[in-house]
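Trainee: Below is a structure I'd like to ask you about.
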Number of protein chains: 2
Amino acid sequence: MNQPTPSTPVFASKNITNGVRAGILQTRAGIVHTPTFMPDGTRGAVKSLSPQQVTDTGVQVVLANTYHLHMQPGEKAIKKLGGLHAFANRKGPMLTDSGGFQVFSLSHINKITEEGVTFKNPSNGDQIFLSPEKSIQIQMDLGADIMVAFDDVTALDTKGRNRTLEAFQRTHRWLERSLSEFKRLTKYMTANERPLLFGVVQGGLDKGLRKKSLELVQQTAVDGIAIGGLSVGESREEMYDILSFLAPYYDPERPHFLLGVGTPPDLRFGIQHGIDMFDCVLPTRNARHGFAWITGDKKLQLTNTKFATDTKAIDPDCDCYTCQQGFSRGFLRHQFKVGEPLAGSLVSIHNIRYLERLCEGYRN
Amino acid sequence: MNQPTPSTPVFASKNITNGVRAGILQTRAGIVHTPTFMPDGTRGAVKSLSPQQVTDTGVQVVLANTYHLHMQPGEKAIKKLGGLHAFANRKGPMLTDSGGFQVFSLSHINKITEEGVTFKNPSNGDQIFLSPEKSIQIQMDLGADIMVAFDDVTALDTKGRNRTLEAFQRTHRWLERSLSEFKRLTKYMTANERPLLFGVVQGGLDKGLRKKSLELVQQTAVDGIAIGGLSVGESREEMYDILSFLAPYYDPERPHFLLGVGTPPDLRFGIQHGIDMFDCVLPTRNARHGFAWITGDKKLQLTNTKFATDTKAIDPDCDCYTCQQGFSRGFLRHQFKVGEPLAGSLVSIHNIRYLERLCEGYRN
């Protein structure tokens, strides 16, 4: 399994300036221009937005959560409904995560063994088993264009180097198993038919482990490098320190995906340190709470009383549907105050577009 | 005030067959082809839909609730934000109701006098006073294109003829006051600038009172006739009985608006008995609970287990966005099950479109 890179190059990039690069990622569902922000369609849909509204913001890839879709309605149901794209009515590329992050952050875990993780379904108490092979099988049934290998994210809730070391080591043994299963399931697919697989770099805040983890991932045939275990509670300085440290070591021939990061300053820092892809629930979750990003990476809390009769758009310089149609801050504040879901939809459109514009700014 | 009809005709219609007619209503915000269904944008927006999504269903008029907007954010705030159209980002005609129905159905009423109604704001306990003049003033501040005169809807919660009689009589004295206030506030407007005013026919299930009420309304200079006090708890047979009874007596030169009716069978019955306009929250409220109308006026409860892997659109014969894009019943069921608001939006689009197509069917 230790071929250095896949035989068909799926990614090409050129350096722009100061660590920033613009790239093109080929997926079976279409080309993706990087850097790019990918909103989270957790349960098959970006919350409160139609697929058309999502596409109109300039989104190129939509992420869906393996964990949530496995629980409900199940990958077999989605397969019967024609796969994730038909299910979610999404024409372009879709990425699924491995489920690892949710298993470790949302579930009551019963047992972690070398084989995999047994945990409780929080909604009905059922025992569920997830392993590297199982995660790949689920993502394959879902029909993702980009998959992520199942990782041991135990580093989430541990400070000690020993536990981080164990999670790191297991993540790499699991990556080999993920690759084997992926290879088995894609054996009869052509280069144009097969999905892509990304491996995950762990290692917590330990630079030595991070470097080693990156090297190990890059020694495998994965199509892309995902940076996991950041933006999970550490300080911004700590995250930036790791991102700065890793920047020189990335394989330039493959895309670099920073998991779970979605504020404008973090995107800028990531892009300036070799990151090509980002995903996060924040732009839409914040939007539903009346929080918008505006030019200069400033924050606007639209529920504030001072906006009650403000006729301005959220951001007069923005080209999103919400701002271009002239929905006023006063109208949005009112809709939030009376609990109308339209407000969250309209600000979600704005916040996603804000991040897409940010990425476009670096690409062009 | 007792001119029989307004000087400029705002409505023209031709009979099609069996009591059905097709009409054109001129409003200052554009022409409305009747019969037509008008969804309720209770608090300034049709729940969970963008104005664009509403327009795309073929909706010509959006209704907004005077009562709700008076409470929050207040008509003065909306006026500062440019009026209802700018506020709600609505290009076409908007109708406001009088607030009467909500005062009598939602509020704790402290006092009904000849002058008006004093009631408690349910959200903060404030005393609020609403009268015919006040209702017209609010609707004028909101900037509605079509207004409705404030009526005494006490008939809602009374069975006795005496109370019905009192409400009926007061409704007509109040209509005169509404007309005076309307005339005062529109004095300097040209025919193209002024909004329209509809008067409300009451009389409960008493045919004698209904006929008298209709005659009294039609003796005034109102631009349209609204039928109130139906679809408020009586049986469908009772409502149909009143609608059949009233049909021969309507002034054919003015539009007839049946308040609060929104199921396909009721729309058909109304249209076949001279009704031109309908409004209701049902199509969108039902949609948010997973209930859809499909061809043949059949009902589909999308949360039903049997739809879990159903790949069909809600209604393969429907031309709405949701059905045309191929969102499957299985996907919608899943979205309802996991509580995603997108499901309610997508089915709202379908249900509104269903009623608009029904109306188009009679018009063409």
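Trainee: Which of the cysteines in chain B are isolated, no other cysteine C-beta under 4.7 Å?
Mentor: So, B:280, B:320, B:359.
Trainee: Shifting gears a bit: For the pair residue B:234/residue A:191, report the inter-label distance in nm, with labels modelled 7 Å from Cα in the Cβ direction.
Mentor: 7.5
Trainee: In peptide A:329-342, how many Cβ atoms from other protein chains are near each Cβ within 10 Å, on average?
Mentor: The mean count of partner-chain Cβ atoms within 10 Å per residue comes to 6.
Trainee: Can you return the lysines within cross-link range of residue A:187? Criterion is Cα-Cα under 23 Å, with same-chain partners fewer than 8 residues away left out.
Mentor: A:76, A:79, A:80, A:134
Trainee: Using only atoms on other chains, find how many Cβ atoms lie within 10 Å of each Cβ of peptide A:300-311 and report the average.
Mentor: Average per residue, whole number: 2.
Trainee: Shifting gears a bit: How far apart are the residue B:303 label points across copies, placing each 7 Å from Cα toward Cβ, in nm, shortest first?
Mentor: Ordered by distance, the counterparts are at 2.6 nm.
Trainee: Under a GNM of chain A (C-alpha, springs under 10 Å), which listed residue has the highest mean-square fluctuation: A:249, A:67, A:188?
Mentor: The residue that fluctuates most here is A:188.
Trainee: A follow-up question, please. Nothing charged except the Cβ atoms of Lys and Arg (+1) and of Asp and Glu (-1): what's the magnitude of the dipole of chain A about its Cα centre? Round to the nearest 20 debye.
Mentor: The dipole magnitude comes to about 420 debye.
Trainee: Label position 7 Å from Cα toward Cβ: report the copy-to-copy distances for residue B:235 in nm, one decimal, ordered from shortest.
Mentor: 7.5
Trainee: Another one. Enumerate by residue number the GluC sites (Glu not before Pro) in the stretch B:63-145 meeting two conditions: DSSP loop (anything except H, G, I, E, B), and at most 10 other Cβ atoms within 10 Å of the site's Cβ.
Mentor: B:114
Trainee: Dipole magnitude of the protein assembly as shown about its Cα centre, charges +1 at Lys/Arg Cβ and -1 at Asp/Glu Cβ only, in debye to the nearest 20?
Mentor: Approximately 160 debye in magnitude.
Trainee: Oh, and also: Let me see the pair-distance distribution of the stretch B:86-143: every alpha carbon pair, 10 Å bin width, integer percents in order.
Mentor: Pair shares across the bins are 21, 46, 26, 7.
Trainee: What number, in percent, do you get for the relative contact order of the stretch B:287-352 if the mean sequence gap of Cα pairs under 8 Å and at least 6 apart is divided by its residue count?
Mentor: 39 percent.
Trainee: Chain B: which residue's Cβ hugs the B-to-A rotation axis most tightly, distance rounded to whole Å?
Mentor: In residue-and-Å form, the answer is B:341, 2.
Trainee: Let me ask something else. With an 8 Å cut-off on Cα pairs and a minimum separation of 6 or more residues, tell me the relative contact order of chain B in percent.
Mentor: Once normalised by length, the contact order is 19 percent.
Trainee: Heavy atoms of the protein only, probe of 1.4 Å, neighbouring chains included. What is the accessible area of residue B:269 in Å², nearest 10?
Mentor: Rounded to the nearest 10, that gives 40 Å².
Trainee: Something else now. State the volume of the convex hull built on the alpha-carbon positions of the protein assembly as shown, expressed per residue in Å³ and rounded to an integer.
Mentor: In the protein assembly as shown, the Cα hull volume divided by residue count equals 167 Å³.
Trainee: Can I ask one more? Report the local net charge at residue A:344: Lys and Arg +1, Asp and Glu -1, summed over other residues whose C-beta lies under 13 Å from its C-beta.
Mentor: Neighbour charge sum, excluding residue A:344 itself: +4.
Trainee: Hey, another quick one. One decimal, nm, shortest first: give the distances between the label point of residue B:115 and those of the same position in the other copies, each label point 7 Å from Cα along Cα→Cβ.
Mentor: 8.1
Trainee: Return the single residue from B:247, B:22, B:226 with maximal mean-square fluctuation; model: Gaussian network over chain B, springs between Cα atoms under 10 Å.
Mentor: Highest fluctuation of the listed residues: B:247.
The values are calculated or read from the model by the stated rules, or taken from the named source; none is laboratory data. Every value quoted in this text rests on a predicted model; they were computed, and no experiment measured them. Don't worry about glycine lacking a Cβ; one is built from the backbone with ideal geometry, like all the others, and counts go over all protein chains shown. Just the protein is used for accessible areas: all its heavy atoms, side chains included, with ligands, DNA and RNA removed. Shrake-Rupley method; radii C 1.70, N 1.55, O 1.52, S 1.80 Å.
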